[in-house]
Amino acid sequence: MVNELYPYIVQFEEEAKSPGLETHRKRKRSGNSDSIERDAAQEAESGAGLESGSSPSQCSLPPKKEKDASAKKESLGHWSQGLKISMQDPQMQVYKDEQVVVIKDKYPKARHHWLVLPWASISNLKALTRDHLELLKHMHSVGERVIADFAGSSELCFRLGYHAVPSMSHIHLHVISQDFDSPCLKNKKHWNSFNTEYFLESQAVIKMVKEAGRVTVRDGMSELLKLPLRCHECQQLLPSIPQLKDHLSKHWTK
DNA sequence: GTTCTAGAAC
DNA sequence: GTTCTAGAAC
């Protein structure tokens, strides 16, 4: 069943097991993507290491150290900026209009998992004002439109909402089916980010912006990600991710 | 966000 | 001995 639903992911995992390709992956990872500044910083770092090694009595820090820190700042190639890249890629776009674009989550945590993103650059929930009210409503209705168009005939339930403290930049509305049947759902953080108050209902966010003029996320959200694993359907506690996943399958109709 | 893996938990 | 988690690295 899983193979039928996620053929591309299964294929990828099988490829990863091949020793030759594994080597290729590692080589590619160590050599690619990061900025020229980063490489320069690494060279500077190793250079500094050699210097201090050859003359251990010298303790003064070279001015290079500050340069390293600034070079490490988020560049466009940083993983947290990935959504900005993906949303521009026509091949990723499931839907788009003048205000928003919808893409499939690259690592879906359920059978259906989309992200609705505004074209406007809104970094996170804290940046929202009443000026965004209509946009937020539109994002929600587009999410419902996508569900109807791509999963309308299924009997799956969906939730629409935002992570309280997202890892990826650029505000994005999660549209996710409630089966949580996916090989990409692998750990407690994944589960709790969609099944505790860490997941802020789209409607609640809209209401908050409407009534308070902004979204306030109270402190300690990260602690929610460490809560024990509890089934969202029957509230049963499960001791591990594999056991949770096995349990979840009992709630599926197929 | 993911991957990788040491060592905790079983 | 194997499974699984959690934290570092990317």
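The values are calculated or read from the model by the stated rules, or taken from the named source; none is laboratory data. Bear in mind the structure is a predicted one, so any value in this text is a computation, not a measurement. When we count neighbours, we look across all protein chains shown, and the Cβ atoms used for this are built from the backbone with ideal geometry, even at glycine.
Structural remarks
- Number of the exception - A:THR253 against (1) of a type in the set (Val, Ile, Thr); (2) within 23 Å of A:SER177 (Cα to Cα); (3) surrounded by 10 or more Cβ atoms within 10 Å (Cβ to Cβ): (3)
For every residue, the table says whether it meets (1) modelled with pLDDT of 95 or more; (2) away from DNA strand C (no atom under 15 Å from the Cβ); (3) under 21 Å from A:VAL100 (Cα atoms).
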position: A:SER167; (1), (2), (3): yes, no, yes
position: A:ARG214; (1), (2), (3): yes, yes, yes
position: A:ARG218; (1), (2), (3): no, yes, no
position: A:ASP246; (1), (2), (3): yes, no, no
position: A:SER249; (1), (2), (3): yes, no, no
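- One residue stands out among those in the stretch A:88-121 that are surrounded by 19 or more Cβ atoms within 10 Å (Cβ to Cβ) and over 13 Å from the mean Cα position of the chain (by Cα): the one that is nearest to DNA strand C (Cβ to nearest atom), which is A:ALA110.
- Candidates A:ALA120, A:ALA148, A:ALA110, filtered to the one that is among the small types (Gly, Ala, Ser) and in a helix (DSSP H, G or I): A:ALA148
- From the options A:ARG159, A:ARG214, residue that is in a loop (DSSP other than H, G, I, E, B) and under 21 Å from A:ASN124 (Cα atoms): A:ARG214
- Residue in the stretch A:121-141 that is among the hydroxyl-bearing types (Ser, Thr, Tyr), touching a helix residue (DSSP H, G or I) at 6+ places or on another chain (Cβ under 7 Å) and modelled with pLDDT of 95 or more present: no
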